[in-house]
Each structure stands twice: as C-alpha cells, then as structure tokens.
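The values are calculated or read from the model by the stated rules, or taken from the named source; none is laboratory data. Note that the structure is a prediction, hence the values are computed from the model and not measured. In this analysis, Cβ positions are derived from the backbone assuming ideal geometry, glycine residues included, and neighbour counts consider all displayed protein chains.
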Amino acid sequence: MTTGLFITFEGIDGAGKSSHIDALARAFAQAGRTALVTREPGGTPLAEKLRELLLHDAMDALTETLLVFAARRDHLAQVIVPALARGEVVLCDRFTDATFAYQGGGRGFDWQVLSQMEQLAQTGLGLEPDLMLNPQLTLWFDLPPELAARRLAAARAPDRFEAQPLEFFTRVAQGYARRAAEAGPRFARIDADRAREHVAAQMLAEVAERGWLPAQGAAA
Ligand SMILES: Nc1ncnc2c1ncn2[C@@H]1O[C@H](COP(=O)(O)OP(=O)(O)OP(=O)(O)O)[C@@H](O)[C@H]1O
Ligand SMILES: Cc1cn([C@H]2C[C@H](O)[C@@H](COP(=O)(O)O)O2)c(=O)[nH]c1=O
C-alpha cells in the first residue's frame, strides 16, 4: 500500500504559496501519485463557512484561535486523514504553522497554549491514534513583508488579515522563523524573493531531495 504524504505551504500573505501549489500537484500526478490540493482555513463545507467569518468579521484573538482550530479539526477528520489513509499526497495551503505565526506572532497569543491546542486538535484521528498528526514537509515561502505588501496591493482587495499594517506582518514573519527553528528539518525555506521559475525549481528540488519525486531533469 502506498503511504500518504502530507505537505504544507506556509508564508505571509502574498508570499506566492497559491501561485505554486498546483505545479507541485501536477508534478506528483506526472509521477503517478494522486494529489489533493486543499487549504486552511477551509477545505470542508463547515470550515469554509468558518473561513468567511475569520476573513471578514471582527473578533478577539481567542475567538479567532478557537475558530481556526475548529476549522482544522473538521478538515483533518473529513478530508486530510481519509486522503492520507488512501495513500494520497495532500498539499495544504497553510496549516498549524500559520496559527503559530498569525495568532502567536501576529496577535501575541500565548505560544504554549497554542501548543496545547495543537496537541488536542491533531491527535486521535485514527491514522496513528496516539500520535499528533503533522506534515512531513512544510514549504516555507519566505519573503520580506514590504515586498509581499507590494505584490498584494497590485493583486486584489485586502481581507481582514491582509489589511493589517506592515508591523503585523513583521511579527508574523518572526513567528514563522521561530516555528521553523523549533521544527528543524520539517521546514524547507523557499527564497520567495526570486522569479517564479526559480521559486518553482527550488520547491520541486526540496521535494525531490526527500525522494518523493524524481530529481529534476531525470527521465520519467
Ligand atoms: N515569484 C514571484 N514574483 C513576482 N510576483 C509573484 C511571484 N509569485 C507570486 N507572485 C504574485 O504575487 C501575488 C501574491 O501571490 P499568491 O496569491 O500566490 O500569494 P499567497 O502566498 O498565496 O498569498 P495569500 O496567502 O494571501 O493567499 C500574486 O499577484 C502573484 O501573481
Ligand atoms: C490557517 C490560518 C490562516 N490564517 C490567516 C492567514 C491568511 O491571512 C488567511 C487565509 O487567507 P489565504 O489567502 O488563504 O492565505 O487566514 C490565520 O490567521 N491562522 C491560521 O491558522
């Protein structure tokens, strides 16, 4: 039986995650794997409703954090865990590292309490009953907040997070850096300050390096 593979995409708003996730899905499909692209908050009918609230309604940091984890639990139970059990590759645009970066770094929510909530939300889902489910690889699109803001300004109207000032995103970026230091090899830092083709090449190389895709340029 093929083992499922869980890969997450992380970074501040505008870092380029969504621009590259489909290319990785295509690379897995070419390698004969079924790849599921999903996102957080969202990915199920319930979690997409919570996403709408999170992106557009005013609330305090605790409410925001509870909604994010509620959406995640539903997404895990309904979509991610069943796909992994079928042996699929799950590519998720944001996961719990975003909670540490945005609610922890950005909003100043207690890091230890977030760890406890993470443990609660990601344990006992049936794959490995006693283990907390975590991604095998997190592609961290790292981009200076000033540049991300310039890219977003040219792209679309801001939601409740994207409308935050630059200082908020500086704290979010620090949250990602802290999480990356704590997570060790699970995190691969992608230099998102480069042209799209270089970003895509680095992303594919990180996955190939772990033996999950053929090396770039190798025959299929
Ligand atoms: N390497 C790049 N160079 C220049 N522009 C880029 C690059 N990658 C993405 N962009 C552009 O930057 C904008 C933001 O990209 P994208 O939506 O992929 O970011 P994101 O990380 O998914 O953002 P969010 O988390 O807010 O959804 C888009 O207009 C996209 O076309
Ligand atoms: C998972 C997660 C997300 N967020 C924030 C980060 C983004 O601003 C939005 C999602 O929008 P995107 O365009 O799909 O990236 O939600 C958060 O604050 N905490 C989280 O755990």
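With within 15 Å of P144 (Cβ to Cβ) and surrounded by 14 or more Cβ atoms within 10 Å (Cβ to Cβ) as the only criterion, which of A208, A173 stands out?
Values: A208 fails: within 15 Å of P144 (Cβ to Cβ).
The unique qualifying residue is A173.
Taking the condition of being in a loop (DSSP other than H, G, I, E, B), at pLDDT 95 or above and under 25 Å from V207 (Cβ atoms), how many residues in segment 104-157 meet it? Explain how you work it out, then say what you get.
So the first thing to find is which residues in segment 104-157 are in a loop (DSSP other than H, G, I, E, B), and the list is 107-110, 122, 124-131, 133-136, 143-144, 154-157.
Subset that is at pLDDT 95 or above: 107-110, 122, 133-136, 143-144.
Filter once more, keeping what is under 25 Å from V207 (Cβ atoms): 122, 133-136, 143-144.
Matching residues across segment 104-157 total 7.
Are there any pairs with C-beta distances below 9 angstrom linking a residue in segment 191-204 that is free of Cβ contacts under 8 Å to residues at least 12 places away in the same chain to a residue that is more than 16 Å from ligand 2 (Cβ to nearest atom) and in a helix (DSSP H, G or I), with the two at least 6 apart or on different chains, and if so which?
Filtered contacts from segment 191-204: R194/Q202.
From the list D191, D159, which one is within 13 Å of ligand 2 (Cβ to nearest atom) and acidic (D, E)? Can you show your working first?
On the way: D191 fails: within 13 Å of ligand 2 (Cβ to nearest atom).
D159 is the lone residue from the list that is within 13 Å of ligand 2 (Cβ to nearest atom) and acidic (D, E).
Show the residue pairs that are 6+ apart or on different chains and have beta-carbon atoms under 9 Å apart, the first residue being within segment 84-111 and over 24 Å from L62 (Cβ atoms) and near ligand 2 (Cβ under 8 Å from one of its atoms), the second being of a type in the set (D, E) and assigned to a strand (DSSP E or B).
Cβ pairs passing all conditions: D93/E10.
Every residue, every condition in (1) β-branched (V, I, T); (2) surrounded by fewer than 19 Cβ atoms within 10 Å (Cβ to Cβ); (3) away from ligand 1 (no atom under 16 Å from the Cβ), yes or no:
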position	(1), (2), (3)
I7	yes, no, no
S18	no, yes, no
A25	no, yes, no
F28	no, no, yes
A31	no, yes, yes
E40	no, no, no
P45	no, yes, yes
L53	no, yes, yes
M59	no, yes, yes
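Which residues, counting only those in segment 153-170, are surrounded by 11 or more Cβ atoms within 10 Å (Cβ to Cβ) and acidic (D, E)?
D159, E162
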